[in-house]
Structures are given as C-alpha cells and as structure tokens.
Amino acid sequence: MIQACIFDMDGVLVSTEKYHFEAWQRLAATLGIHIDEEFNENLKGVSRAVCIDLILAHGGVHKTEEEKRELAAQKNAWFLESISHINPVDVFPGVREFLTQLQMHGYKIALGSASKNAPLLLEKLQIAQFFEAVIDGNSIEKAKPNPEVFLKGAEALGVAPKNCVVFEDAISGVQAARSAGMYCIGVGSPAILTQANFCIQGLHEMTLERLREL
Ligand code: B16
Ligand code: MG
C-alpha cells in the first residue's frame, strides 16, 4: 500500500528543465560542442558536475578540475538568471491540487531532486510547505541513477521503500526509483521512460483513486 509520494522537482513540479537545457546548450556552444534534445535526456536528473563530464565526453574535450568548476559556475549563473522571474503561477497544472489532496488524506510527501537550487525554487513557487522532507543536491553524495536521494527521502519520512511512489521525468531518476525498490510513475513519454511502471503527461492526470489502485 502506498503511504508516501516522493517528487522529483525539475520537469515534474515546474518546467525548469527547459532552462537547464538552454544553459547547457549555451555552455556547450562556448566549447564548440553541439547538444540536442535527445542528448539532453541524459542530462536530466543528473548532478551539475556529472552533466559537465557528460558534455565534455560528448565533445571529446578535456578540462582540468578547476576549469570544470568554472564551467559549472557559469552554467548555474545563466540558470539562475532564467529562473529569476519564476513565481507561483509557473507550477505545472494540477501540482498544487494533487499535493493538497495528498496532504489532506495523510500521505507523506518528500522532494527528491538532484538540484542544489531546489530550496530556492520551492520558496519562489510557494510550495515548500507541502514537503515534510526535502532531499536535494545539497544533501546527497551520489547522483541519480544511484537510489540514494529516494532512499534518504523514504527514511526521512519513516516509510519503507516498497510503500513509496516516485514521480520522475528523467531516465536516470526512474532508474534510481526502481533500484530503490519503489514504484515509479514516469512524467513524460513511455518510449523514453521505459523502466517506469506507467507514464502520465503531468500531475494534472493524477488522482487519489489512481494512487490507491497501485
Ligand atoms: P542544479 P531534478 C535536476 O533536477 C535537473 O533535472 C538537472 O537537469 C540538473 O542538472 C540537476 O537537477 C542539477 O541541478 O544545477 O540546479 O544543482 O530533475 O532532479 O529535480
Ligand atoms: Mg527532473
């Protein structure tokens, strides 16, 4: 029986994934590397440092650790610029309604995001109050597909992994949820999120009835 829901943030609660992509594309272009939407599927859900390594490997470019830190800082500065205007109306349709329903019916709720910007975004979107636990890029050591982020979320909520469902838009995130022994609802295309138990297009499709059927 499902007792807890763990939500990924970028691409599930808010459409910030497009800003991550734009910033990565801009950064890659300064290195003479082209990245497209298909390649970007590998960057979703993955930590900033790992994204840098993936892009450099893709372009066959070598950088020192110091240079990589500078590249990561530049990407984040562009990302922060893009999200500066974000406000509560940018939450995806159905998110606030579903979180409210869950809370009213006693489900435990956690965030499981790779992003170090998660606390800032939750604040800007005014949805921080829904989350009993926030596990993000600041509190984990191993990036998705490692299950650490979701296992820590379940532990913080005091719920066994088998009683948790994860909502994820990234291939790496779906893999992380499944290796944590959790149920996973993919948010996006079933052709991409092949390991999800099933996919929805967005949280506006979710109801408590669907959750109870799991
Ligand atoms: P930051 P999520 C992930 O967030 C994004 O999917 C991914 O594109 C990004 O690189 C990663 O966070 C790190 O974000 O640079 O803000 O620390 O989808 O796990 O909520
Ligand atoms: Mg995501």
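Filter the range 25-57 for residues that are more than 27 Å from residue 94 (Cα to Cα), within 16 Å of the chain's Cα centre (by Cα) and not small (Gly, Ala, Ser) and give the result. Residues satisfying the conditions are 48, 50, 51.
When the range 137-161 is filtered for residues that are among the small types (Gly, Ala, Ser) and in a helix (DSSP H, G or I), the ones remaining, listed by number, are 153, 154, 156. In the set 23, 73, 29, only one residue is within 27 Å of residue 174 (Cβ to Cβ) and either polar (S, T, N, Q) or in a helix (DSSP H, G or I) (or both); that residue is 23.
Per-residue answers, yes or no, for (1) surrounded by 16 or more Cβ atoms within 10 Å (Cβ to Cβ); (2) over 22 Å from residue 42 (Cβ atoms):
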residue	(1), (2)
86	yes, yes
95	yes, yes
106	no, yes
144	yes, no
151	yes, yes
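Is at least one residue of the range 162-172 modelled with pLDDT of 95 or more, among the basic types (Lys, Arg), over 16 Å from the mean Cα position of the chain (by Cα) and more than 14 Å from ligand 1 (Cβ to nearest atom)? Yes, the conditions are met somewhere in the range 162-172. Quick test of your reading of the structure: residue 2 fulfils all but one of (1) closer than 26 Å to residue 186 by Cα; (2) β-branched (Val, Ile, Thr); (3) more than 14 Å from ligand 1 (Cβ to nearest atom); (4) in contact with a Gly (Cβ under 7 Å, 6 or more places away or on another chain). Name the failing condition by number. Just one mismatch for residue 2, condition (4).
Residues in the range 118-136 that are over 11 Å from the mean Cα position of the chain (by Cα) and assigned to a loop (DSSP other than H, G, I, E, B): 126, 127, 131, 132. Among the residues of this structure, residue 126 counts as one that is modelled with pLDDT of 95 or more and on the phi > 0 side of the Ramachandran plot. Looking only at residues that are within 15 Å of ligand 2 (Cβ to nearest atom) and free of Cβ contacts under 8 Å to residues at least 24 places away in the same chain in the range 1-36, which one is surrounded by the fewest Cβ atoms within 10 Å (Cβ to Cβ)? Filtering first and then ranking leaves 18.
Considering only the range 173-194, state which residues are surrounded by 22 or more Cβ atoms within 10 Å (Cβ to Cβ) and closer than 17 Å to residue 20 by Cβ. Those that are surrounded by 22 or more Cβ atoms within 10 Å (Cβ to Cβ) and closer than 17 Å to residue 20 by Cβ: 173, 187, 188. Residues satisfying the criterion are present in the range 127-136 (criterion: closer than 25 Å to residue 53 by Cβ, touching a residue at least 12 places away in the same chain (Cβ under 8 Å) and within 16 Å of ligand 2 (Cβ to nearest atom)). The condition of being in the same structural domain as residue 8 (by TED's automatic domain parsing) and touching a Cys at 6+ places or on another chain (Cβ under 8 Å) holds for only one of 168, 148, 141, that being 168. Looking at this structure, is residue 69 surrounded by 11 or more Cβ atoms within 10 Å (Cβ to Cβ), free of Cβ contacts under 8 Å to residues at least 24 places away in the same chain and not aromatic (Phe, Trp, Tyr)? When the stated conditions are applied, residue 69 passes them. For the list (1) assigned to a helix (DSSP H, G or I); (2) buried (at least 19 other Cβ atoms within 10 Å of the Cβ); (3) in contact with a strand residue (DSSP E or B) (Cβ under 8 Å, 6 or more places away or on another chain), I need the number of the one condition that residue 115 fails. (1) is the only condition that residue 115 fails.
The values are calculated or read from the model by the stated rules, or taken from the named source; none is laboratory data. On a predicted model such as this, the values are computed, not experimentally measured, just so you know. Every residue, glycine as well, gets a Cβ built from its backbone with ideal geometry; the counts of neighbours run over all protein chains shown.
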